Amino acid sequence: MRITIIGAGFTGSVLAIELARRATAGVAISLVGVPETYGRGVAYGEARIEHLLNVRAGDLGATRDYPREFADWLHLSERARDAFLPRLVYGEYLQSRLQSAEHLAEAALERIEQEAIAVERMGRGAFRVHLADGSAFLSDAVVLAVGALPPQPLTGVGPRLALDPGYIGWPWQERAIDRIPAEAAVLVVGSGLTMADVAATLRRRRHRGPITVLSRHGLWPHAHTAERGEPIALPPGVLHALNRHDLRGVLRSLRALAPIVPDWRGLVDALRPYLQDFWRHLPETQRRRFLRHLRPHWEVARHRLAPAVAEDLDALRASGQLQLLAGRLVRARRGEAGVEVSLLERGSSAIRNARYDVLVRATGLDTDFARTTHPLMASLRESGLLSADPLGLGVDTNDRWEAIDRHGRAVRAPCAAAAPRDVAHTSPSLSQPSPVPRLNTVSVSSTLPAGIDSCCASLA
Ligand SMILES: Cc1cc2nc3c(=O)[nH]c(=O)nc-3n(C[C@H](O)[C@H](O)[C@H](O)COP(=O)(O)OP(=O)(O)OC[C@H]3O[C@@H](n4cnc5c(N)ncnc54)[C@H](O)[C@@H]3O)c2cc1C
């Protein structure tokens, strides 16, 4: 039996390692990934030294059944386990785990350093995978773990600007931020962790020009505390509301608890184990409501900054070099003397025009499968093998994590899509901003969620 995993980032690599560990001789696993980020993915492969993990080293094992593995691999002292290390170090750890699996696995684990450009259904139970070099091979099962979709230009950005060096659509692209002149006036659209990466790099490069951060709600990311807080056990009221998939009830209970717990962060962290199930069973109207009204607030509470990054950002703000503006971008175009921008500030009805040297898109990862230009995903959409999640959060899947095709039928045989972000070490997030978010809480461990577990079991 041949199982093909497309995407050799975090999810694809960890899934390959776990499948190789469980599978017996006679099973062949092919891990297909682009060479630049093979075995690391974007987060841990395209990062720079100043880009820190937003999870403590001691909690970052790739699988849930061995959370200390990353820290053990580094031989960290007990104290150092609370540190927030560079993301590149985590990339090294993933690489090392993959290499060990390649040597030790009974099943064959084959490395294919190529982009997959199409997957064709050949009939019952077989797929043909096409690679960018023109070659193709048959596979019994295909798992998609392609990570973030390519960023679409920001709404309002004109076509000329979208191709101009004054517009940075993918800030992790090699040397993208390095090209910004030290005196340049920079507008960063988005105030989450991508903005934090951009600001950290600008600060490290001793940028002197003004930095304006534009965010719809004017929210600023929270930071982790330097010392690890005491874990909080959720009281029965919250658990009851979670089990009943009652969003209002959960919020009501949390609001009542927040002022009396030692630190609200503990509450957010205590929710993690329940979120995947809660989200999957939440009625669609409530999910929509959450995405429209609560998502930005949830994200600043959930995705917190490493303390050192927060200190750097605070210093930039305190000096007046970085300013936070609440509002939205209406239009941006390439003008004679820079990037001409029209903004609508929150609470105002008057458009404000301004000029910057560089505009950086930092609005997060793209999940709009219906519009994506990602070659493989677009071809799967066109062929009807995959369909879009109704909330725009990636591709649609059933409870067994099988893709749903254009006709609403499960694509049998492949465990169609595996996905990123909140895998074991990141823990589930409600909003799941990933390309295939329905599978967001894939955890390749002995505690696999039922759907993925049965999917992996059927593969292995
Ligand atoms: C900048 C950034 C920082 C983050 N920081 C953290 C953090 O500190 N802590 C944390 O827990 N989470 C963090 N995350 C979340 C992170 O997304 C997840 O933890 C996880 O790395 C995502 O895994 P993935 O496998 O889905 O995607 P990725 O790891 O990005 O892997 C997808 C891979 O598939 C490849 N690919 C795509 N299409 C094809 C194709 N057609 N053929 C072959 N290969 C293909 C991509 O090039 C990429 O290498 C961060 C995310 C980003 C973007």
Counting only DSSP loop positions in segment 1-107, the trypsin sites (Lys or Arg not before Pro) whose Cβ has at most 16 other Cβ atoms within 10 Å are R48, R68, R79
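Tell me what the chain gives for mean residue ellipticity at 222 nm when only DSSP H runs of n ≥ 4 count, each as -39,500 (n - 2.57), the sum divided by the residue total, rounded to 500 deg cm²/dmol.
Computed mean residue ellipticity for the chain: -9000 deg cm²/dmol.
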Per-residue Cβ contact counts at 10 Å, fewest first, order S215, S30 as S30, S215
Nearest-0.05 FRET efficiency for Q173 and R248 at R0 = 41 Å, using Cβ-Cβ distance, is 0.45
For M1, M377, ascending order of other Cβ atoms within 10 Å (fewest first) is M1, M377
GluC sites (Glu not before Pro) in segment 310-395 lying in a DSSP loop, each with at most 13 other Cβ atoms within 10 Å of its Cβ, come to E336
For the H281, V261 Cβ pair and Förster radius 25 Å, calculated FRET efficiency rounded to 0.05 is 0.45
In segment 236-302, taking the dipole from +1 charges on Lys and Arg beta carbons and -1 charges on Asp and Glu beta carbons about the Cα centre, the listed residue (H297, S253, W264) farthest towards the positive end is H297
For A315 and S349, extending 7 Å from Cα along the Cα-Cβ vector and measuring point to point gives, in nm, a value of 4.5 nm
With +1 on the Cβ of every Lys and Arg and -1 on the Cβ of every Asp and Glu, the dipole magnitude of the chain about its Cα centre, in debye rounded to the nearest 20, is 1380 debye
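Read-outs throughout are calculated quantities, based only on the coordinates presented, and are distinct from any laboratory measurement. Model, not experiment: these values are computed from the prediction. Cβ coordinates were reconstructed from backbone atoms using ideal geometry, including for glycine residues, and neighbour counts include every protein chain displayed.
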